[in-house]
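**Student:** Next up is a structure, given as structure tokens.
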Amino acid sequence: MRLDDAPLSLRQRLANYLVIIAALAAITYGFVYRESIISATFPFVNREAGISARYPARWLLDEGGSRFVLRAQDPAALPFKTTIRLQLIPIGSGARPADILDLLDIDRAARLPAYRSLSRTPTVLPGGQRGQQMIYAYAYIDPNPFLQAEPITVRALDLVVLRTGQAVVITYEAKADVFEKHKHYFDAFLRSLTF
Amino acid sequence: MTSRPYLLTPQREESERYPYRRVWRTAWLEALLLLAIAAALAFGTRLIALRLPADLERALSFAYALLPLSLWLSISYTAERRALQPRRNLLAVLALGGLAASGVAVPLTSIFAAEEWLSTASGLNRIIGYTLTVGMVHAFLKYAVLRYSVWRTDFNTRLDAVAYAMAAAVGFATALNIHFALTNTLSLASAALRMTEIALAQIAISPIIGFVLYELRKPTVFVLTPLLGVLIAALFNALSIVIRAGLIVSGISRTSTANNAIYGLGMAVFLVVVLFSALSFLVRAADEREALRAGEVR
């Protein structure tokens, strides 16, 4: 069956165009599908603390009782799991967000190796609450000595917002080189956060 | 005086010599050799606890990436050149397959970065995700390479289509394997197993594209046939990734958390056996049906 110069029938042309259109559509939908899986979230509600949010669906959720209200970690981010943490700190009547950051600063400087506070800026949450954010960095050393792992530079962000008698501290931690890349998870978390 | 009987030599029936290269025979031989070499490397290095310098291991991995191409050249291409009617443009199609893989498939796949977001997704999501991304890109590129190069001029029989599709797949797999060898630092055995799986999956799936492209040559082709072929090829590609990942961790026990890469060959073997058998049956059945129909018309 030779086709060298024969014009193609309508069916042949249609079948070929269908493949091209379907391939382009499938690849485009592949990108959409990728976004839908990456940005899929599960709801988190803690009625006692009066907090609700949505965390990334693929992340592991931990509710830590008195230590923190919520901690979500990305199990696929290795060697340091990207983390979003929310904790409540009781405060006195005249406390300001900067005081809470000072407190966290002192605590972390003693606890975390090579801890450095990098910047502090006033910020507004997507819900309209005003607060203050602090960016800092430290060296994470794997507690398991048998792994013989090198220290990892972790970059983190604290966001402090005050409410009646409590400071809400929202922390985002990631390995320094993926801090910006994974920050969209934290931004999406903030957009869904209500308290 | 004795007379010797005069014997007439019966007339010898001239058997018609098959003018083309037997595609399936050489394809099976290449697949079996590739599997045997990969398995020998995997078991051999484990048996003698072979430890090579990292640079040498990378160089050997790179050399292994070229093994499917070497086997194809020494078995299929040599047989093709010995045939009475060789297929002329196999090398050109092979080069185009390699170019499509390195120029389009590799960059697109790295943009998708499917392993980053699909590795923890559910089984169904992984199959859909890999079909729409990696599977579709690979299947469509091979379709495009064949459709816009030799489809008009060189697809004279269904086996031509299969032979050209396999040549495109060998080029495609070689480019993927070279990229794999250059961007991964694995032990020689692990790299060999992974590259064998890549090559066999590409080669086993490619006849589907060839088969539907031959159907496309008929003016009365069912318009969805080529599309279904490309979708099925993309789905098989996705299944080969997802099931392989499941197989290599299937050996995990309470005493060890290490995975076993050799189980991954199971999927490649399955694809080769099932797809080669199914496609050779389909090609033969379709050819016989067409021959019967042609006989009835006469």
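The values are calculated or read from the model by the stated rules, or taken from the named source; none is laboratory data. Bear in mind the structure is a predicted one, so any value in this text is a computation, not a measurement. Because the Cβ atoms are built from the backbone with ideal geometry, glycine has one as well, and the counts that use them run over all protein chains shown. The area values use the complete protein model at the heavy-atom level, side chains included, leaving out ligands, DNA and RNA. Shrake-Rupley method; radii C 1.70, N 1.55, O 1.52, S 1.80 Å.
**Student:** Select, from B:L176, B:L188, the only residue that is touching a Ser or Thr at 6+ places or on another chain (Cβ under 7 Å) and touching a residue at least 12 places away in the same chain (Cβ under 8 Å).
**Tutor:** B:L188
**Student:** Looking at region A:73-113, which of its residues are of a type in the set (G, A, S) and open to solvent by 70 Å² or more (accessible area, probe 1.4 Å)?
**Tutor:** Within region A:73-113, A:S93, A:A110 qualify.
**Student:** Can you give me the number of residues within region A:22-39 that are more than 7 Å from chain B (Cβ to nearest Cβ) and either within 23 Å of B:L224 (Cβ to Cβ) or of a type in the set (D, E) (or both)?
**Tutor:** Count: 4.
**Student:** Before we move on, is B:L35 within 25 Å of B:G264 (Cα to Cα) and open to solvent by 50 Å² or more (accessible area, probe 1.4 Å)?
**Tutor:** No, not satisfied.
**Student:** While we're on this one: Can you tell me how many residues within region B:114-124 are more than 13 Å from B:I243 (Cα to Cα), part of a helix (DSSP H, G or I) and either basic (K, R) or open to solvent by 20 Å² or more (accessible area, probe 1.4 Å) (or both)?
**Tutor:** Qualifying residue count for the region: 2.
**Student:** OK, next. Which numbered condition trips up B:W151, out of (1) facing another protein chain (nearest Cβ under 10 Å); (2) open to solvent by less than 20 Å² (accessible area, probe 1.4 Å); (3) farther than 30 Å from B:E80 by Cβ?
**Tutor:** So B:W151 meets the others, but not (3).
**Student:** Give the residue, chosen from B:V145, B:V162, that is within 13 Å of B:I205 (Cβ to Cβ) and not charged (D, E, K, R).
**Tutor:** Every option except B:V162 fails the conditions.
**Student:** Of all residues in region B:195-243, how many are touching a Phe, Trp or Tyr at 6+ places or on another chain (Cβ under 8 Å) and within 7 Å of chain A (Cβ to nearest Cβ)?
**Tutor:** 4
**Student:** Filtering region A:52-63 down to residues that are open to solvent by 20 Å² or more (accessible area, probe 1.4 Å) and not aliphatic (A, V, I, L, M), which residue is farthest from A:A149 (Cα to Cα)?
**Tutor:** Top of the filtered list is A:S52.
**Student:** A further question follows. Starting from residues that are within 21 Å of the chain's Cα centre (by Cα) and charged (D, E, K, R), keep the ones in region B:183-218 and report whichever is surrounded by the fewest Cβ atoms within 10 Å (Cβ to Cβ).
**Tutor:** Step by step, filter region B:183-218, then rank; the result is B:E215.
**Student:** A further question on this structure: For the subset of region A:14-51 comprising residues that are surrounded by fewer than 16 Cβ atoms within 10 Å (Cβ to Cβ) and of a type in the set (D, E, K, R), which member is nearest to the chain's Cα centre (by Cα)?
**Tutor:** It comes out as A:E35.
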